[in-house]
Amino acid sequence: MLNKKKLNKRLVLPKAAEAIIRPILFTSALTAVFVIVLIAFFIFQKGWPVISSYGLWNMLSGTVWQPTKEIYGILPMLTGTFYITLIALLIGIPFGLATAIYLSEIAPPRTAGIIRPAIELLAAIPSVIYGLFGIVVINTFMRYLQRGLLSGILPPDYQLGYSVLSGGIVLAIMILPTIINIAEDSLKAVPRAYKEAALALGSTHIQTIFRVLIPAAKSGIVSAIVLAMGRSIGETMALIMVIGNVTALPQHGLLSVFAPSSSLTATIALEMGYAGPQHQAALFAVGIVLFCIIALLNSFVIAFTRRGGQQQL
Amino acid sequence: MMTRPKGKERFIYLFLVFSGYATLTILCVIMGYIFLKGIGHVSLDFLTQSPRKMGAEGGIFPVIVGTLYFVALTVLIAAPIGVGAAIYLNEYTREGTITKIIRFGTELLAGIPSIIFGLFGYAFFVVLLGDFTQGWSLLSGALTATCMVLPTIVRTSEEALKSVPRALREASLALGATKWQTIYKIVLPTGLPGILTGIILGIGRAIGETAALLLTLGGSLLLPQSIFHGTRTLSMHLYMVAMETGNMDAAFATGVILIIIVLLINFTANYLIKKLINRNSTAAIRR
Amino acid sequence: MPDNNNIKVFAEKLNLYYGHTQALKDINICIKEKEITALIGPSGCGKSTFLRTLNRMNDLIPFVTTAGTLLIDNQDINKPDVDVVALRKKVGMVFQSPNPFPMSIFENVAYGPKIHGIKDKDELSYLVLKSLKEAALWDEVKDQLNKSALSLSGGQQQRLCIARVLAVEPEILLMDEPTSALDPISTLRIEELLQELKKQFTIVIVTHNMQQAARVSHVTGFFLTGELLEYDLTENIFTKPQHKKTEDYITGRFG
């Protein structure tokens, strides 16, 4: 049928392809690492001069942000980011974990089959949609609350609707899918035998969930929370739209949740549009702070889940 | 399932059930609200006319075109790189230091906030490579978005490749196929639905993105003439219209279009995943 | 042992290691052309590993090292300059469970010739027809060549996999428990098929099924813990085994 010479000739092409394909694929695989290095390089290259001349501590502890006058205190944005994230986690964690438990332990398959796609959709909705919903619904509601029930105790500039609390609520919704998906996966990964052993000892289903399943799924749940934290620290658009973007340190203790605020991300996104060269450099310096926080959180999660023996985040 | 708990446990049980339904309700409320407020302003004119007064009036035609160009360009750049990376990780190497570094980098990249991508894209693609990309342009935006969607495509494609049974690879190799022939003719076609899912999820992320694009894509309302011109996507348009013109009706109408796109994307992705699972009947692929 | 004429496969002091674990110990074997050789032995004894050294499929497993001589047609196939692709074309393999590609019946059979560079439609059709006939599948599928291979029954799928191998015109056929996933009737059909195929091919079959080995092969090798303990004409192995352990195994006392 085929003589050998003919065949050998035909085999040359696939072999040549084999030789060039490997380096091409290797380069593709390295792209992600390359991009990470580039990101770090450019952010630091542009922002580091400001940090080194202004002083890292001065920057982190400075309460005044007036880049046009070369005053670069980012404490107001840091506290803004911190409070908003805290509120988001306080609301998001209980509801997220409860939903994860509901889905993995209680929900009948048909109900779970409706809720799971809903969570996927929730994850897929663009931030600007959350932002739009936030301004029109949550901020309006907040304004009623601030000007009605709480008008007596709130200063006038805390009655605008734009507030830390609105930002926290919007973010709580946005981090739900992250928490639910990862927590549910880790709950499901708990060996069935644990659960059966606990039930066989006469524990109720709820006791089993809280004393056996949750402790066994701990590492996954911690990653879920840390990733959610990263997501809320990094969120930009939804926050810009609902928090009012006022770079001032809140002054009124617990009532500060009703204060308009700013965040690291929102400041960068808003001011890059009109900033001059020096101001831009300062915003890159803010970017460095943000980048470091996120890189730390994520490295923690990656290392933590590796050790816990889980492959997928 | 379970017997109804009593006393304090009943309260916890109810909270768990309530949370499950609350998530569903939140989704319905947000989507329903945007839809109801916006659908009345969506018309053929809105879709086919150019905007007036910074988008406060008129339609969104150039924005739709700009979004399509942007997504197409992003996929064109990101898909080959992402799928190539997945093939390398899954087929061409064994787990070792290099794969660890690559996976670590990919996971880290997935967690970087979009505004950081924006800063990077601005400094690198817009400013440093400005002579090539023409500053704020479709190209700068798409390159930035490529960096963002890469982890999604790599991860999902890798899952898809993993789901291709080993027996098929062995059969092909045993017939004397080279490695690349096996991948190209057997592994990729078999894992295709999963790979497409990854690309579609990447598209979803690119469409929803705003912050990074504000710093790289420009924001022009003109119909883009080439990849070296600026444009804006639907998400950017929604933000700019809502925050800069204050015309909420136009913002809601844009929101409706965005939500419809997101729904389409999700249904397609789910459909493809089901197809992949049916075909390979292996472990489910989840995001 | 057999005389030196028409020796197809020759191994001398063949050793194989998975990392530090030795999986094959000093295998000496001589397989003659156009005969059926059966390899039997308990699970993990090394018979499949040996089979997979013959077409270098063990290359796919990390940290495998081999030592010793392994000649096919008097060429050492473990030398670094050996063209593995050409080797695998010459030494075809049928796997334990049927593994047709998720494509049409025609495409499955045409896959091998295509990757080896045959583009001509008529040539391909001819090869598909010939291979399906040789694999005794033609009559059952001739009207549905464009249907998915996955729509066939298990036994048909396995014969399709055999046809797929035949289409690349190999000289040796390796079969790794080819009937273990099949029902008795399909098994019988494949055994009949083997008797036809041995006229053209040298066949090495790994099997767990002692009756199968006795039914189909001329020569049988008994593997135990990585060693080829006994290697002789099939009738000798099954009627007057030299080793106690061989006897124990074939009479079903262990394994």
Please return the ranges of helices (runs of 4 or more DSSP H) entirely within the stretch A:127-230 where 3 or more residues are closer than 24 Å to A:Tyr102 by Cα.
A:164-188, A:192-200, A:205-208
Answer with yes or no whether A:Phe133 is more than 22 Å from the chain's Cα centre (by Cα) and of a type in the set (Phe, Trp, Tyr).
no
In the stretch C:45-132, which helices (runs of 4 or more DSSP H) lie fully inside it and hold 1 or more residues that are closer than 30 Å to B:Pro193 by Cα?
C:84-90, C:105-115
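For every residue, the table says whether it meets (1) in the same structural domain as A:Val289 (by TED's automatic domain parsing); (2) under 30 Å from B:Leu213 (Cβ atoms); (3) open to solvent by 20 Å² or more (accessible area, probe 1.4 Å).
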site	(1), (2), (3)
A:Ala200	yes, no, yes
A:Pro215	yes, no, yes
A:Met241	yes, yes, no
A:Gln251	yes, no, yes
A:Ser262	yes, yes, no
A:Leu270	yes, yes, yes
Just to verify a result, which residue in the stretch A:107-125, among those that are in contact (Cβ under 8 Å) with a residue 24 or more places away in the chain and at the interface with chain B (Cβ under 7 Å from one of its Cβ atoms), is surrounded by the fewest Cβ atoms within 10 Å (Cβ to Cβ)?
A:Glu120
Out of the residues in the stretch B:11-38 meeting the condition of being in contact (Cβ under 8 Å) with a residue 12 or more places away in the chain, more than 7 Å from chain A (Cβ to nearest Cβ) and not charged (D, E, K, R), tell me which one is farthest from A:Asn181 (Cα to Cα).
B:Gly38
Within the stretch B:166-198, tally of residues that are within 7 Å of chain C (Cβ to nearest Cβ) and in contact (Cβ under 8 Å) with a residue 60 or more places away in the chain:
1
Count - residues of the stretch B:199-219 that are over 12 Å from B:Ala145 (Cα atoms) and either aliphatic (A, V, I, L, M) or within 10 Å of another protein chain (Cβ to nearest Cβ) (or both):
4
The conditions are (1) open to solvent by 10 Å² or more (accessible area, probe 1.4 Å); (2) among the hydroxyl-bearing types (Ser, Thr, Tyr); (3) closer than 30 Å to B:Asn270 by Cβ, and B:Ser157 fails exactly one of them. Which is it?
(1)
Of the residues that sit in the stretch C:162-198 and are hydrophobic (A, V, I, L, M, F, W, C) and surrounded by fewer than 18 Cβ atoms within 10 Å (Cβ to Cβ), which one is nearest to the chain's Cα centre (by Cα)?
C:Ala181
For the stretch A:81-92, enumerate the residues that are within 13 Å of the chain's Cα centre (by Cα) and within 12 Å of B:Ser19 (Cβ to Cβ).
A:Gly92
Going through the stretch A:93-111 one residue at a time, which ones are more than 8 Å from B:Gly20 (Cβ to Cβ), assigned to a helix (DSSP H, G or I) and not acidic (Asp, Glu)?
A:Ile93, A:Pro94, A:Phe95, A:Gly96, A:Leu97, A:Ala100, A:Ile101, A:Ser104, A:Pro109, A:Arg110
Please work out which one of (1) of a type outside the set (A, V, I, L, M); (2) closer than 26 Å to B:Tyr88 by Cβ; (3) open to solvent by 10 Å² or more (accessible area, probe 1.4 Å) is the condition B:Ser114 fails and give its number.
(2)
Can you pull out the residues in the stretch A:59-93 that are open to solvent by 50 Å² or more (accessible area, probe 1.4 Å), at pLDDT 90 or above and not aliphatic (A, V, I, L, M)?
A:Phe82, A:Tyr83
B:Leu138 - would you say it is within 22 Å of B:Ser226 (Cβ to Cβ), more than 7 Å from every other protein chain (Cβ to nearest Cβ) and open to solvent by 30 Å² or more (accessible area, probe 1.4 Å)?
no
Checked the stretch B:39-55 for anything assigned to a loop (DSSP other than H, G, I, E, B) and either polar (S, T, N, Q) or facing another protein chain (nearest Cβ under 8 Å) (or both); matches are B:Ser43, B:Gln49, B:Ser50
Among B:Ile273, B:Ile261, which is within 12 Å of another protein chain (Cβ to nearest Cβ), part of a helix (DSSP H, G or I) and over 20 Å from B:Arg155 (Cα atoms)?
B:Ile261
Looking only at the stretch C:29-73, which residues are open to solvent by 20 Å² or more (accessible area, probe 1.4 Å) and basic (Lys, Arg)?
C:Lys32, C:Lys34, C:Arg52, C:Arg56
Determine if the stretch B:220-234 includes at least one residue that is at the interface with another protein chain (Cβ under 9 Å from one of its Cβ atoms), in contact (Cβ under 8 Å) with a residue 60 or more places away in the chain, part of a helix (DSSP H, G or I) and within 30 Å of A:Gly244 (Cβ to Cβ).
yes
Enumeration of residues in the stretch B:242-257 that are more than 9 Å from chain A (Cβ to nearest Cβ) and at pLDDT below 90
B:Glu244, B:Thr245, B:Gly246, B:Asn247, B:Asp249, B:Ala250
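The values are calculated or read from the model by the stated rules, or taken from the named source; none is laboratory data. Since we're looking at a predicted model, the values are computed, not measured. Neighbour counts run over all protein chains shown; Cβ positions are idealised from the backbone, glycine included. These area figures cover heavy atoms from the full protein model, side chains too; ligands, DNA and RNA do not enter into them. Shrake-Rupley method; radii C 1.70, N 1.55, O 1.52, S 1.80 Å.
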